[in-house]
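Reviewing the structure listed below.
The values are calculated or read from the model by the stated rules, or taken from the named source; none is laboratory data. Just so it is clear, the model here is predicted, and its values are computed rather than measured. We place every Cβ from the backbone using ideal geometry, glycine too, and count neighbours over all the protein chains shown. What goes into the accessible areas is simple: the full protein's heavy atoms, side chains included, and nothing from ligands, DNA or RNA. Shrake-Rupley method; radii C 1.70, N 1.55, O 1.52, S 1.80 Å.
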Amino acid sequence: MRYLSTRDTNKRVSAAEAIMQGLARDGGLYTPELTPKLTARALDEMVNMNYKQRAVYVMSAYLDDFNVSELTGYCDKAYSPSKFDHPDIAPVMTVDENTHFLELWHGPTSAFKDMALQMLPY
């Protein structure tokens, strides 16, 4: 998949290049040229996956410069027990039979941003 700058859609780079550069050289943000669709079957497959497995599954659609083995290794490092204080990484908590919420604060800074930013160095 190629990524394009929000300021000049003619400039396309690979996922690895977009990650390395951060911002586009023209000051724009890199966005994927298309949004992969998750089918009903894909969602069914992810139901019994843990957080790391789902992360690899979804990221592989966006980061085709990396193979599943590489992404799995990065996830293992990014979402390790030394960084996240809950074994489920982002547990779903139940209030009652109709109310559930996703906790995104178990990372090192206790903020939702940890979910994405812990992966970035890898």
Cβ-defined net charge surrounding Asp26, 13 Å radius [Lys, Arg +1; Asp, Glu -1]:
+3
Below 13 Å, Cα to Cα, which aspartates and glutamates can Lys83 reach? Residues fewer than 8 away in the same chain don't count.
Asp114
How much accessible area per residue does the range 39-122 have, in Å², with a 1.4 Å probe?
66 Å²
Using only Cα atoms and rounding to the nearest 10 degrees, what angle (0 to 90) does helix 51-62 make with the longest principal axis of the chain?
20 degrees
Share of carbon and sulfur in the accessible heavy-atom surface of the chain [1.4 Å probe, %]
57 percent
Gained length - Arg12 relative to Phe112, 0.36 nm times residue gap less alpha-carbon distance
33.1 nm
Rounded to one decimal in nm, the spacing of the 7 Å Cα→Cβ label points at Thr35 and Lys83 is 2.6 nm
Give the calculated FRET efficiency between Met49 and Trp105 to the nearest 0.05, with a Förster radius of 22 Å applied to their Cβ-Cβ distance.
0.55
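Is the chain best put as rounded, prolate or oblate by its Cα gyration tensor, with a ≥ b ≥ c the root eigenvalues, rounded for a/c under 1.5, and otherwise prolate when a/b is larger than b/c, oblate when not?
prolate
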Residue with peak Gaussian network fluctuation, the chain [Cα springs, cutoff 10 Å], from Arg41, Arg12, Arg54
Arg41
Compute the angle between helix 68-78 and the longest alpha-carbon principal axis of the chain, please, reported from 0 to 90 degrees and rounded to the nearest 10.
60 degrees
Could you check the simple spin-label distance between Tyr57 and Glu70, using points 7 Å along Cα→Cβ, in nm with one decimal?
2.2 nm
Dipole magnitude of the chain about its Cα centre (Cβ charges: Lys, Arg +1; Asp, Glu -1), debye to nearest 20:
460 debye
